[in-house]
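The values are calculated or read from the model by the stated rules, or taken from the named source; none is laboratory data. What you see is a predicted model; the values in this text were computed from it and never measured. Because the Cβ atoms are built from the backbone with ideal geometry, glycine has one as well, and the counts that use them run over all protein chains shown.
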Amino acid sequence: MSNDLGVGIIGCGNISMTYLKLAPLFRGLRLVACADLNDEAAAARAAEYGIRAQSIPDLLANSEIDVVVNLTIPAAHFIVSRAILDAGKHVYSEKPLAITLEDGKALQALASDKGLKVGCAPDTFLGGAHQLARKYIDEGGVGRITSGTCHVMSPGMEMWHPNPGFFFIEGGGPILDLAPYYIANLINFLGPVKRVASLTSMASPTRTVTSEPLNGQVIPVETPTNIHALLEFLSGATITLSASWDVWSHRHANMELYGTEGSIFVPDPNFFGGTVEVSGRAKEITPLEPWDHPFGVANQEHPQGPRANYRTAGLADMAMSLIEGREARCSLDRTLHAVDVMTSILKSGEEGRFVEMTTTCTQPAALGIDEALALLR
Ligand SMILES: NC(=O)c1ccc[n+]([C@@H]2O[C@H](COP(=O)([O-])OP(=O)(O)OC[C@H]3O[C@@H](n4cnc5c(N)ncnc54)[C@H](O)[C@@H]3O)[C@@H](O)[C@H]2O)c1
């Protein structure tokens, strides 16, 4: 196989700019073309980033393209990823892989039939902070993790996203939209989940958009916006996960894990960087010494201060895994398991019972400093 993969992008909305901007940082990726249902969106991105805009069928038939990145809305992920596999190309999808477990399993079967790979975001667990936490946990810093809490809560998405409708219909909601970051990181630290239970609700059946250009538009809410879930891992660890867009403010930390020898405080899994704090039996909480991990280095200005953003690292790891003949970290089995966990949380909320997972996965390989450097140009 050649030493890079031709990359096409389907879906030229908000997140496509991040991929187009960051992909050139990585080895193994050669941006070729982009497409969208909306030709104008594709043409605008293509002009901005110096690639070709194509129709969706032309992009799928383009022999220079080996892997297609699916950056469409969640409800379209399955149909677009299936078309990419049908066209004989590997897929890397934004999260979630699919909005039902059945669709995810259908993609798995199709990929296996065709001998193609499917990878999926999030890749933020490859960030310097999360890999530092992983190293500390793997080295026994907190002993055996027995429990923990995760909280991802805010007032919502309709105040910043230019087209927020998809967040509030099936396939959206804080579980399918934001829990992927938390579940991917929990799989990174703890491995697979055994069973889940939850209580779900929504504060209002409609929301009013306050971002531009749709300011004032009333949009329907068709999926729970407030979820309190319990996750039991195969390792025996029990984790509380609350995910809500019905909360104006709170004082909970993003992720705390409690072990037999101490506790670890992990920064927001939606981002690559941040400070990891730990405590032992003495109970004094101290920051871990930062390390020279390339995916922890701030590379973007942000209103809350400089930030590390290496989204596309998961795609680069998948490209290198194809070139080197090894397993990808943002792999199909892990992302399918995450879909199982998330859809089971919603099912538990509807049915009022524990739901057992029908899929499983392994922990991804850690991504240390050398492995991360090897992904960069
Ligand atoms: N916006 C973010 O900050 C962000 C961050 C991380 C992940 N994501 C994920 O990325 C995905 C896209 O989010 P976004 O914010 O860019 O959405 P968006 O609505 O801004 O863009 C989606 C684009 O996909 C196109 N599209 C929809 N259906 C299509 C189809 N069937 N075929 C081809 N094109 C189609 C739309 O025309 C639109 O241009 C979502 O899965 C989201 O969860 C977004």
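Worth a mention:
- Residue match in segment 103-113 (condition: farther than 27 Å from L322 by Cβ and at pLDDT 95 or above): no
- Residues of segment 69-101 that turn out to be more than 9 Å from the ligand (Cβ to nearest atom), crowded, with 24+ Cβ neighbours inside 10 Å and part of a helix (DSSP H, G or I), as a count: 2
- Any hit, segment 311-319, residues being of a type in the set (K, R), in a loop (DSSP other than H, G, I, E, B) and surrounded by fewer than 14 Cβ atoms within 10 Å (Cβ to Cβ): no
- Test for V7: is it more than 13 Å from the ligand (Cβ to nearest atom), of a type in the set (A, V, I, L, M, F, W, C), within 20 Å of C120 (Cα to Cα) and touching a Gly at 6+ places or on another chain (Cβ under 7 Å): no
- Counting the residues of segment 227-241 that are buried (at least 20 other Cβ atoms within 10 Å of the Cβ) and either within 20 Å of E350 (Cβ to Cβ) or basic (K, R) (or both) gives 4.
- Criterion: assigned by TED's automatic domain parsing to the domain that holds F265, of a type in the set (A, V, I, L, M, F, W, C) and within 16 Å of the ligand (Cβ to nearest atom) - qualifying residue of L176, L190: L176
- Between A338, A328, the distinction of being more than 14 Å from the chain's Cα centre (by Cα) and surrounded by 15 or more Cβ atoms within 10 Å (Cβ to Cβ) belongs to A328 only.
- Segment 102-138 - residue that is out of contact with any Phe, Trp or Tyr (no Cβ under 9 Å at 6 or more places or on another chain) and not in a helix (DSSP H, G or I) and, of those, farthest from the ligand (Cβ to nearest atom): G115
- Pairing each residue of segment 118-146 that is farther than 18 Å from D292 by Cα with any residue that is hydroxyl-bearing (S, T, Y) and in a loop (DSSP other than H, G, I, E, B), provided the two are 6+ apart or on different chains, yields C-beta distances under 7 Å for G143/T260; R144/T260; T146/T260.
Yes/no matrix, rows are residues, columns are (1) outside the structural domain of F189 (by TED's automatic domain parsing); (2) of a type in the set (A, V, I, L, M); (3) closer than 25 Å to G141 by Cα; (4) in contact (Cβ under 8 Å) with a residue 24 or more places away in the chain:
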position: N299; (1), (2), (3), (4): yes, no, no, no
position: Q304; (1), (2), (3), (4): yes, no, no, no
position: T343; (1), (2), (3), (4): no, no, no, yes
position: G349; (1), (2), (3), (4): no, no, no, yes
position: R377; (1), (2), (3), (4): yes, no, no, yes
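- Counting the residues of segment 21-30 that are in a helix (DSSP H, G or I) and away from the ligand (no atom under 16 Å from the Cβ) gives 2.
- Hits in segment 147-166 (condition: touching a residue at least 60 places away in the same chain (Cβ under 8 Å) and within 12 Å of the ligand (Cβ to nearest atom)): M157, H161, P162, N163, F166
- Subset of segment 34-68 that is within 13 Å of the ligand (Cβ to nearest atom), among the small types (G, A, S) and over 17 Å from T18 (Cβ atoms) - its residue that is surrounded by the most Cβ atoms within 10 Å (Cβ to Cβ): A35
- Contacts under 8 angstrom Cβ, first residue in segment 6-20 being assigned to a helix (DSSP H, G or I), partner within 8 Å of the ligand (Cβ to nearest atom), 6 or more apart: S16/L71; T18/R311; Y19/L71; Y19/R311
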